[in-house]
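Below you will find the structure I want to go over with you.
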Amino acid sequence: MPPLDDSEIERVLVVTAHPDDLDFGAAGTIAQWTAKGIEVSYCICTNGDQGGEDPSVPRADMPKIRKREQIEAGKVLGVTNIEFLNHRDGWLTPTIELRKQIVREIRKTKPQRMLIQSPERNWDRLFSSHPDHMAAGEAAIQAVYPDARNAFAFEELLKDEGLEPWRVREVWVMSHNTPDHFIDITETFDKKLAALNAHISQTAHNPNLEQMIREFGERNAKLNGLADGAVAEIFKIVSSD
């Protein structure tokens, strides 16, 4: 289905499992949203402590490193409102508590649009289907419906924190196995690459990062009829209005 026009969108909330997930999946698109004046907020579910390539870095230091990197990557795209839920990397499950935390962020930021990870395994691109990704996606879509809009779900959020129910109008899903929408990010590819390079602990070891990201984006563009050399990001659009 076609998405809402960006002119109808004032706020977007992005929910992902790890720092860097959203930059790999949607940084070029996010850069376009913020350039249009759309306020984008991030909710990162885990602390990312299983990431990184350097064995000399103590695991206890990795969460603060990855938090700092995500903050720097956010600045590249014009995003400064970032909430870190600090769940353990690799152990994420779609619990009631995680749903509540995401509902809290929905009610705080009041997004018309959300961007989440797919809760379904993609057998064609298995690396995109990390268990944490699927858990974050499942918890996020459950938070969208039925929880965030229901005054009787997590009643303490309303009674104790004054967070009113909120109805998200649509959800964009990254890494879905049947995407139905694409965004031409040729003009914002440089921002996507800069955001990814901000995740030094995750990307500095890969001298072929730009080629890898560009080739994948060019494949997305070609499949959607764009000219040679164009780069695209792809999504599944779900109405939740």
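Being within 14 Å of the chain's Cα centre (by Cα), farther than 19 Å from ILE234 by Cα and assigned to a helix (DSSP H, G or I) is the filter here; which residues of segment 107-137 pass it?
ASP132, ALA135
Of the residues PRO119, PRO94, PRO58, which single one is in contact with an Asp or Glu (Cβ under 9 Å, 6 or more places away or on another chain) and more than 30 Å from LYS159 (Cα to Cα)? Outline the logic, then answer.
Details: PRO94 fails: more than 30 Å from LYS159 (Cα to Cα); PRO58 fails: in contact with an Asp or Glu (Cβ under 9 Å, 6 or more places away or on another chain).
Among PRO119, PRO94, PRO58, only PRO119 is in contact with an Asp or Glu (Cβ under 9 Å, 6 or more places away or on another chain) and more than 30 Å from LYS159 (Cα to Cα).
Still on this structure, please answer the following. Scan (1) free of Cβ contacts under 8 Å to residues at least 24 places away in the same chain; (2) assigned to a loop (DSSP other than H, G, I, E, B) for the single condition PRO146 breaks and write down its number.
It fails just one condition, (2).
Moving on to the next point. With the requirement that a residue be farther than 12 Å from ALA17 by Cβ and either under 16 Å from the mean Cα position of the chain (by Cα) or not β-branched (Val, Ile, Thr) (or both), what does segment 87-101 give you? Can you show your working first?
Going residue by residue through segment 87-101, those that are farther than 12 Å from ALA17 by Cβ are 95-97, 99-101.
Within segment 87-101, GLU97, ARG99, LYS100, GLN101 qualify.
Now, a different point. Of everything in segment 149-176, what is in a helix (DSSP H, G or I) and crowded, with 17+ Cβ neighbours inside 10 Å? Give them in sequence order.
At the first step, the residues of segment 149-176 found to be in a helix (DSSP H, G or I) are 155-159.
LEU157 - this is the single residue of segment 149-176 that is in a helix (DSSP H, G or I) and crowded, with 17+ Cβ neighbours inside 10 Å.
How many residues, within segment 156-197, are at pLDDT below 95 and small (Gly, Ala, Ser)?
Summing the residues that are at pLDDT below 95 and small (Gly, Ala, Ser) in segment 156-197 gives 1.
Are there any pairs with C-beta distances below 9 angstrom linking a residue in segment 76-92 that is farther than 13 Å from PRO63 by Cβ and in contact (Cβ under 8 Å) with a residue 40 or more places away in the chain to a residue that is outside any helix (DSSP H, G or I) and acidic (Asp, Glu), with the two at least 6 apart or on different chains, and if so which?
Hits for this filter: VAL79/GLU39; ASN81/GLU39.
Ok, one more. Check LEU193 against each of (1) touching a residue at least 40 places away in the same chain (Cβ under 8 Å); (2) in a helix (DSSP H, G or I) and name the one condition it does not meet.
(1)
Mind checking which residues of segment 63-94 are closer than 14 Å to THR46 by Cβ, part of a loop (DSSP other than H, G, I, E, B) and of a type in the set (A, V, I, L, M)?
Within segment 63-94, just LEU92 meets the criteria.
Inside segment 190-202, can you point out the residues that are over 17 Å from the mean Cα position of the chain (by Cα) and buried (at least 22 other Cβ atoms within 10 Å of the Cβ)?
Those that are over 17 Å from the mean Cα position of the chain (by Cα) and buried (at least 22 other Cβ atoms within 10 Å of the Cβ): none in segment 190-202.
Of the conditions (1) modelled with pLDDT of 95 or more; (2) surrounded by fewer than 17 Cβ atoms within 10 Å (Cβ to Cβ); (3) touching a strand residue (DSSP E or B) at 6+ places or on another chain (Cβ under 8 Å); (4) not small (Gly, Ala, Ser), GLN211 satisfies every one except a single condition; which number is it?
Every listed condition holds for GLN211 apart from (3).
Does at least one position in segment 8-23 carry a residue that is assigned to a helix (DSSP H, G or I) and surrounded by fewer than 18 Cβ atoms within 10 Å (Cβ to Cβ)? Let's see the steps before the verdict.
From segment 8-23, those assigned to a helix (DSSP H, G or I) are 8, 21-23; that's our starting set.
Pick out the ones that are also surrounded by fewer than 18 Cβ atoms within 10 Å (Cβ to Cβ) and you get 8.
So far as segment 8-23 goes, yes, one or more of its residues are assigned to a helix (DSSP H, G or I) and surrounded by fewer than 18 Cβ atoms within 10 Å (Cβ to Cβ).
Same structure again: Going by the structure shown, is PHE182 among the aromatic types (Phe, Trp, Tyr), surrounded by 22 or more Cβ atoms within 10 Å (Cβ to Cβ), assigned to a strand (DSSP E or B) and out of contact with any Lys or Arg (no Cβ under 6 Å at 6 or more places or on another chain)?
Working: among the aromatic types (Phe, Trp, Tyr): yes; surrounded by 22 or more Cβ atoms within 10 Å (Cβ to Cβ): no; assigned to a strand (DSSP E or B): yes; out of contact with any Lys or Arg (no Cβ under 6 Å at 6 or more places or on another chain): yes.
Answer is no for this residue.
Picking from PRO165, PRO179, PRO207, which residue would you name as being without any contact (Cβ under 8 Å) to a residue 60 or more places away in the chain, over 18 Å from the mean Cα position of the chain (by Cα) and closer than 26 Å to ILE234 by Cα?
Details: PRO165 fails: closer than 26 Å to ILE234 by Cα; PRO179 fails: over 18 Å from the mean Cα position of the chain (by Cα).
The match here is PRO207.
The values are calculated or read from the model by the stated rules, or taken from the named source; none is laboratory data. These numbers come from a predicted model, not from an experiment. Reconstructed Cβ throughout: ideal geometry from the backbone, glycine too, with neighbour counts over all protein chains shown.
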